[in-house]
1. When the helices in the chain are scored as -39500 (n - 2.57) per DSSP H run of 4 or longer and the sum is shared across all residues, what 222 nm value do you end up with, to the nearest 500 deg cm²/dmol?
2. Find which of GLN129, PRO119, LEU283 sits farthest along the positive direction of the dipole of segment 3-288, computed with +1 on the beta-carbon of Lys and Arg, -1 on that of Asp and Glu, about the Cα centre.
3. Please give every one of the lysines within straight-line cross-link reach of LYS225, meaning a C-alpha to C-alpha distance under 18 Å, and leave out same-chain neighbours fewer than 8 residues apart.
4. With a cap of 14 neighbouring Cβ atoms within 10 Å, and only residues DSSP puts in a loop, list the GluC sites (Glu not before Pro) found in segment 122-183.
5. Find, among the chymotrypsin sites (Phe, Trp or Tyr not before Pro) in segment 175-214, those assigned to loop by DSSP (not H, G, I, E, B) with at most 16 other beta-carbon atoms within 10 angstrom.
6. Assign unit charges at the C-beta atoms only (+1 for Lys and Arg, -1 for Asp and Glu), then state the dipole size of the chain relative to its Cα centre in Debye, rounded to the nearest 20.
7. If you take all C-alpha pairs in segment 134-225, what percent of them are over 22 Å apart?
8. Which of the aspartates and glutamates could a cross-linker span from LYS56 if the Cα-Cα distance has to be under 20 Å and same-chain partners fewer than 8 positions apart are dropped?
Amino acid sequence: MTTMVAFEKINEAKANLDDIYNQPDPRAYFQELKKLDYSIPNNAKPVFQKLIADLKRQRHHTIHVLDIGCSYGVNSALLKHDLSMDDLYEHWNGEMLADATPEEVIQRDREFFASLQEPKDLEIIGIDQSRNAIACAEETGLLNEGLAINLETEPLPAAAKEGLAPVDLVISTGCVGYVTEKSFERLLPAVTRDEQPWIANFVLRMFPFDAIEETLSEWGYTTEKLHGQTFAQRQFASVEEQEQVLEHLVKRGIDPTGKESEGQLLAEFYLSRPAKEAVAVPLDQLVLA
Ligand SMILES: C[S@@+](CC[C@H](N)C(=O)[O-])C[C@H]1O[C@@H](n2cnc3c(N)ncnc32)[C@H](O)[C@@H]1O
């Protein structure tokens, strides 16, 4: 069984949120996810900030981040600006924007993000299969560049390769499970042309990371999981979803007691770095210092 088929089976246990991923503006995304207290970008933010700070110290130049499954530029909004998920939920509040057209929403977003301070030494490129989300993220200025592509099914276009060469850090939240090692196989030749990027994934505990880890190891990467820490992704959408997810976890030999059994989907953090760098400073030291 391919990883995609295996992941599709696991995804059947989860509520299907596909409808909100490709709307002409971010309102539905934030309104629906607010109901589920979707919080993984917020919980990932301090970890990503640490990694970016470390890379800045080591590399002495603008840090280029590639966000896989970036949607409307969610991680970018949090990392470039002093914003939280609650701020974004308030910004895209349903009642306040009920009568606005998508064009009006995007215009308002562009003005809002332009009015905020932005670090000069951080650029964020995003990849997502959703054309609408990528178009919005580019138009609002949240992404420096967006690639609307599904690397599970299509190769990276030659024109995109040049722009990915400077990437220092690859990140993802809420995306592994939709993407597999296939996407990484297609990205690695482009992102490792200059300095090798670090690769930082927050992954729901129900999705095995071993196939991606194996692919990355073929490119000289060592992957470490942050032990003893889980990160809340969102609340379960229903009792049925919770029961199905718990079943998958138990099948994987993972005990959900006191964890997912309490009502939230939980992610773990994996960092993949060139082997030498991983040996020099272990993950715990890097992230928890
Ligand atoms: C749960 S959302 C997470 C979005 C964002 N990272 C966040 O945490 O708010 C999953 C995202 O993955 C995207 N996605 C699903 N399959 C994909 C694929 N094969 N390639 C790229 N993006 C994909 C969806 O369009 C959606 O934007």
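Each reported figure results from applying straightforward, stated rules to the coordinates on display, with no laboratory input. A quick note: this is a predicted structure, and the numbers were derived from the prediction, not measured. For neighbour counting, all protein chains shown are included, and Cβ atoms are generated from backbone atoms with ideal geometry for every residue, glycine included.
1. Taking each H run of at least 4 residues, the total per residue is -12500 deg cm²/dmol.
2. It is LEU283.
3. Correct list for LYS225: LYS45, LYS50, LYS259, LYS276.
4. Answer in residue order: no site qualifies.
5. The qualifying sites: there are none.
6. That gives a dipole near 760 debye.
7. When all Cα pairs of segment 134-225 are counted, 27 percent exceed 22 Å.
8. ASP67, ASP82, GLU118, ASP121, GLU123, ASP168, ASP194, GLU195, GLU277, ASP284
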